[in-house]
């Protein structure tokens, strides 16, 4: 079953270059080697925002078997198949698998371009209201926003315990991913807020993100050039050395 693993993450202060070196050149490539993965894209908080974003970086993984991907992920933890650095704030990561429940697009015959910015809408809906909310979002909110400038596609997704790496209660029961051609042009639609009053009652956050690069696919990783493999291996050694040095110094990491 298709799902999306979404990750909001921040670097440790003063370690942002180390964090990005590890995340781009090692971590997402490790995950793409796990069964169940399809592709991944990294994004960074845009300068244009409706409200202050909770995290600077956002990653979205397309997956076809979250349970299998979670199993491989857990089995690889602590090994060289899943090198982890101390350059990211482990106390403030928000991640989880979300499952599509409704989607619409203005470009049905086109693949999502790699360069389109993204609007992340996080919404917490009480369980008793979820069916009504999902029906309204699919029949009213999706088509209404797609009539606004720059909006290309929108997808509403629901959290479900199935396939998650660990058992936990999510901060948000639903997220919506919107692809837009221009964040400045799309801003008024989000600054105004939803016309329907039912959204005002819900815990909701909105953040704008710019893409950091094109999608990285599973095929890209398994068919990497010698040059790319050398870049990855060098970054892996840097992450391992950094982690070992931190441990030797007895520095408390987060």
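The values are calculated or read from the model by the stated rules, or taken from the named source; none is laboratory data. Not measured: the values here are computed from a predicted model. No Cβ is skipped: glycine too gets one built from the backbone with ideal geometry, and neighbour counts run over all protein chains shown.
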Q: Within the range 215-241, count every residue that is in a helix (DSSP H, G or I) and more than 23 Å from the chain's Cα centre (by Cα).
A: 12
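Okay, residues lined up against (1) over 20 Å from the mean Cα position of the chain (by Cα); (2) in a strand (DSSP E or B); (3) without any contact (Cβ under 8 Å) to a residue 40 or more places away in the chain:
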site	(1), (2), (3)
164	no, no, no
185	yes, no, yes
213	no, no, no
243	yes, no, no
(Q) Cβ contacts < 8 Å: first residue without any contact (Cβ under 8 Å) to a residue 60 or more places away in the chain, restricted to the range 91-120; second residue part of a loop (DSSP other than H, G, I, E, B) and surrounded by 14 or more Cβ atoms within 10 Å (Cβ to Cβ), any location; separation 6+ or different chain. Result? (A) 104/146; 105/146; 106/146
Q: Filter the range 34-51 down to the residues that are out of contact with any helix residue (DSSP H, G or I) (no Cβ under 6 Å at 6 or more places or on another chain) and in a loop (DSSP other than H, G, I, E, B), then identify the one that is surrounded by the fewest Cβ atoms within 10 Å (Cβ to Cβ).
A: 47
Q. Only one of these conditions is not met by residue 196: (1) surrounded by fewer than 17 Cβ atoms within 10 Å (Cβ to Cβ); (2) modelled with pLDDT of 95 or more. Which number is it?
A. (2)
Q: Go through the range 111-159 and give me each residue that's at pLDDT 95 or above, surrounded by 13 or more Cβ atoms within 10 Å (Cβ to Cβ) and part of a loop (DSSP other than H, G, I, E, B).
A: 125, 146, 148, 149, 150
(Q) Here are the criteria: (1) surrounded by fewer than 20 Cβ atoms within 10 Å (Cβ to Cβ); (2) farther than 25 Å from residue 176 by Cα; (3) at pLDDT 95 or above. Tell me which single one residue 75 does not satisfy. (A) (3)
Q: State the number of residues belonging to the range 54-109 that are in a loop (DSSP other than H, G, I, E, B), closer than 22 Å to residue 211 by Cα and touching a strand residue (DSSP E or B) at 6+ places or on another chain (Cβ under 8 Å).
A: 8
